[in-house]
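Accompanying notes for the structure given below.
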Amino acid sequence: ALSEGFLVPKSVIVSNNEELIHSLEKLRYPIIIKPLVRTEAWDQKNKYIKGVSLNCATDLDAYPFDLFVMCDRYIVQEWIEGGDDQIYFCLVYFDKDGKERASFTGKKLLQWPLDNGSTSICQSFSDERLSLVTHDVLSSAGLVGLGSLEFKYSQKYDQYFLIEPTVGRNDHQSYIAVCAGLNISKIALDDLRELNEF
């Protein structure tokens with residue numbers, strides 16, 4: 001997203017403690033540190049949270065585990081202001097030729113844990129901008145299969161910032177699309193059945 005010029009919060013990818021400390025000196029607080037790829041070790045220690053929130057550099061001292069024992073790389077990202085109800089998403093399915101076969105946009109109302117968890121309550125929300133950006137980002141990345149992007153709306157900048165991708169699986173909020181009449185998983189399954197003729 002950064003290399004293609006999409007709107008993302010200021011972010012740095014780090015692979016050791018020295019890089020992490022250096023990144024904290026360059027970014028504005030509050031900050032969130034998220035695994036680039038969540039591992040079993042991360043999920044065992046942090047089952048319900050996506051990342052570590054910091055309001056200042058010393059907050060990291062209170063974290064009880066060495067981050068790099070659990071994951072090998074992290075994204076360190078400036079936090080976009082706003083609550084759970086300012087997080088939006090776009091769910092998609094791209095076929096083997098990279099053609100988008102389904103797209104659905106929605107809005108979170110509540111996450112658990114608050115501010116840094118998984119979707120608990122959401123609703124459908126139509127916004128063509130979210131669909132277009134999601135298509136552009138994921139098609140430029142060469143997505144084939146299920147995927148989604150999450151955005152945080154900043155009232156300060158009147159912009160949607162891309163904060164998180166999901167690739168290769170459904171999200172917790174996928175059933176809101178089913179309730180609204182768009183079963184993206186079934187579209188993907190039917191497409192695979194056509195490919196494999198079963």
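The values are calculated or read from the model by the stated rules, or taken from the named source; none is laboratory data. This structure is a prediction, so every number in the text was calculated from the model and none was measured. So basically every Cβ, Gly included, is an ideal-geometry build from the backbone, and we count neighbours across all protein chains shown. Heads up: the accessible areas ignore ligands, DNA and RNA and are worked out on the full protein's heavy atoms, side chains in. Shrake-Rupley method; radii C 1.70, N 1.55, O 1.52, S 1.80 Å.
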For the range 41-59, enumerate the residues that are in contact with a Phe, Trp or Tyr (Cβ under 9 Å, 6 or more places away or on another chain) and either polar (S, T, N, Q) or surrounded by 19 or more Cβ atoms within 10 Å (Cβ to Cβ) (or both). Asn46, Gly51, Val52, Ser53, Leu54, Asn55
Here's a check for you: in the range 142-165, which residue that is touching a strand residue (DSSP E or B) at 6+ places or on another chain (Cβ under 8 Å) and small (Gly, Ala, Ser) is farthest from Gly106 (Cα to Cα)? Gly145
So which pairs qualify, if the first residue must be in the range 164-190 and within 18 Å of Asp95 (Cα to Cα), the second must be open to solvent by 60 Å² or more (accessible area, probe 1.4 Å), the Cβ gap must be under 6 Å, and the two must be at least 6 apart or on different chains? Ile187/Arg101
Identify all residues within the range 1-16 that are of a type outside the set (A, V, I, L, M), open to solvent by less than 90 Å² (accessible area, probe 1.4 Å) and either modelled with pLDDT of 90 or more or part of a helix (DSSP H, G or I) (or both); write none if there are none. Pro9, Ser11, Ser15, Asn16
Need the failing condition index for Val144 against (1) open to solvent by 80 Å² or more (accessible area, probe 1.4 Å); (2) within 24 Å of Lys50 (Cβ to Cβ); (3) touching a residue at least 12 places away in the same chain (Cβ under 8 Å), just the number. (2)
With the requirement that a residue be hydrophobic (A, V, I, L, M, F, W, C) and either more than 29 Å from Glu194 (Cβ to Cβ) or loosely packed, with under 15 Cβ neighbours inside 10 Å (or both), what does the range 98-134 give you? Leu109, Leu110, Trp112, Leu114, Ile121, Cys122, Phe125, Leu132
Odd one out for Gly181, checked against (1) open to solvent by 80 Å² or more (accessible area, probe 1.4 Å); (2) assigned to a loop (DSSP other than H, G, I, E, B): (1)
Would the range 22-40 turn up any residue that is more than 30 Å from Ile187 (Cβ to Cβ), open to solvent by 20 Å² or more (accessible area, probe 1.4 Å) and of a type in the set (A, V, I, L, M, F, W, C)? no
Please list, ordered by residue number, the strands (runs of 3 or more DSSP E) wholly in the range 17-82 having 2 or more residues that are touching a Leu at 6+ places or on another chain (Cβ under 6 Å). 74-78
